[in-house]
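The values are calculated or read from the model by the stated rules, or taken from the named source; none is laboratory data. Note that the structure is a prediction, hence the values are computed from the model and not measured. Quick reminder, even Gly has a Cβ in these numbers, built from the backbone with ideal geometry, and neighbours come from all protein chains shown. Note: areas computed on protein heavy atoms with side chains; ligands, DNA, RNA excluded. Shrake-Rupley method; radii C 1.70, N 1.55, O 1.52, S 1.80 Å.
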Amino acid sequence: MKPSTRKELLPTPSRLFQWYEEGKITRAQWVAAMHLHLADLLEEIDYDDKHPAIAKMDTVTSKRAAKKLLKDTTEPQLREVFLALAELDDFPPSNYLWNASQWDIPLHCFVRQRREPVFKIHELRITREMARLRVEHGSANKKEATHEIITLRRDYMGKLILETRTPV
């Protein structure tokens, strides 16, 4: 059994905690939503345990993709872009990018080359003021996946925020 691809998009754990601290959701709602995140993670762990060859291949391809991304940029820059993408409410890979600031998590864990929902970065250009990337996410089938060009620009505080998001 492949891990389920949840139809509805869950808010990221960091967003859920922010809402809880602001009083927008109750503790019970926060716990229930976090339980859904945990269930998804446990499904993936169980799948990897039952299919070690597929899990190993996923890891190898993700490591290769992360290494390729690091040819043109630095790891701190890449993690900053991932965190900015995680802030987008309607961006499905945000559930895998929200903790990119945690340096103990290897960079390859944030790119998903084969495993659904996939998250591939085909082009990436980062400057001091902006980041522009062409991404593919969603289905492992290229024709069914969502392709977008996303432009992030620094706000007055120096944080990357969404400027444009264009389907390709």
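Side notes on the structure shown:
- Lysine pairs in the chain whose alpha-carbon atoms fall under 17 angstrom of each other, counting only those eight or more residues apart or on distinct chains, come to 10.
- Cα gyration tensor shape of segment 1-75, rounded if a/c is under 1.5, else prolate or oblate by comparing a/b with b/c: oblate
- Extents of the chain, largest first, come to 44, 42, 32 Å (Cα atoms, principal axes, whole angstrom).
- Near Arg153, once Lys and Arg are set to +1 and Asp and Glu to -1 for all other residues with Cβ below 15 Å from its Cβ, the sum equals +1.
- DSSP loop chymotrypsin sites (Phe, Trp or Tyr not before Pro) with at most 16 other Cβ within 10 Å: longest gap in the chain: 1-102
- Extended-chain gain in nm, criterion 0.36 nm per residue less alpha-carbon gap, Gln18 and Thr146: 43.3 nm
- The 1.4 Å probe gives accessible areas that order Asp155, Asp49, largest first, as Asp49, Asp155.
- Look at the alpha carbon pairs under 8 Å that are at least 6 residues apart: their mean separation over the length of the chain gives a relative contact order of 15 percent.
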